[in-house]
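Asker: I'd like to ask you about the structure that follows.
The values are calculated or read from the model by the stated rules, or taken from the named source; none is laboratory data. Quick caveat: nothing in here was measured; it's all calculated off a predicted structure. Cβ sites come from the backbone with ideal geometry, for glycine too, and all protein chains shown count toward neighbours. Surface accessibility is based on the protein's heavy atoms, side chains included, excluding ligands, DNA and RNA. Shrake-Rupley method; radii C 1.70, N 1.55, O 1.52, S 1.80 Å.
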Amino acid sequence: MPRGDREAVAVLYAFCRTVDDLVDEPSPDMSRAAVAASLAAWRGWLERGLPPRAAPHPPELAAALREVVRERAVPTRYLCALIDGVASDLEPVRVP
């Protein structure tokens, strides 16, 4: 895979891991509400068009993701759908 493609994939993977880890492995000092707020910050940032200011944490990832989304024309709705998916793990799920 060409280097530019590898780097773009690595950034997208880092985003996926970041939002998934927020839910699955939050830091001990993060409440469920804080995790939900962090996911909401990512979602809001994506929905506002990835403005350079007010980037969610970590800002280095946000900057890299902004570049990949713009250069590769990645629809942000897919990234928001991922956030929705991991956010569903914040509440107990009953499986019949």
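Asker: Scanning segment 19-39 for residues that are among the acidic types (Asp, Glu) and touching a residue at least 60 places away in the same chain (Cβ under 8 Å), which turns out least open to solvent (accessible area, probe 1.4 Å)? It would help to see each step written out before you state the result.
Answerer: Within segment 19-39, the subset among the acidic types (Asp, Glu) is 20-21, 24-25, 29.
Narrowing the set further to residues that are touching a residue at least 60 places away in the same chain (Cβ under 8 Å) leaves 20, 24.
Working: 20: 47, 24: 86 Å².
Among residues in segment 19-39 that are among the acidic types (Asp, Glu) and touching a residue at least 60 places away in the same chain (Cβ under 8 Å), the one least open to solvent (accessible area, probe 1.4 Å) is 20.
Asker: Please find, within segment 40-54, the residue that is least open to solvent (accessible area, probe 1.4 Å) out of those that are in contact with a Phe, Trp or Tyr (Cβ under 9 Å, 6 or more places away or on another chain) and over 13 Å from residue 15 (Cα atoms).
Answerer: Residues of segment 40-54 that are in contact with a Phe, Trp or Tyr (Cβ under 9 Å, 6 or more places away or on another chain), as a first pass: 42, 51, 54.
Cutting the leftovers down to over 13 Å from residue 15 (Cα atoms) gives us 51, 54.
Details: 51: 37, 54: 80 Å².
Per the stated criteria, the residue is 51.
Asker: Keeping to segment 55-83, report how many residues are surrounded by fewer than 12 Cβ atoms within 10 Å (Cβ to Cβ), over 25 Å from residue 3 (Cβ atoms) and at pLDDT below 95.
Answerer: The total comes to 0.
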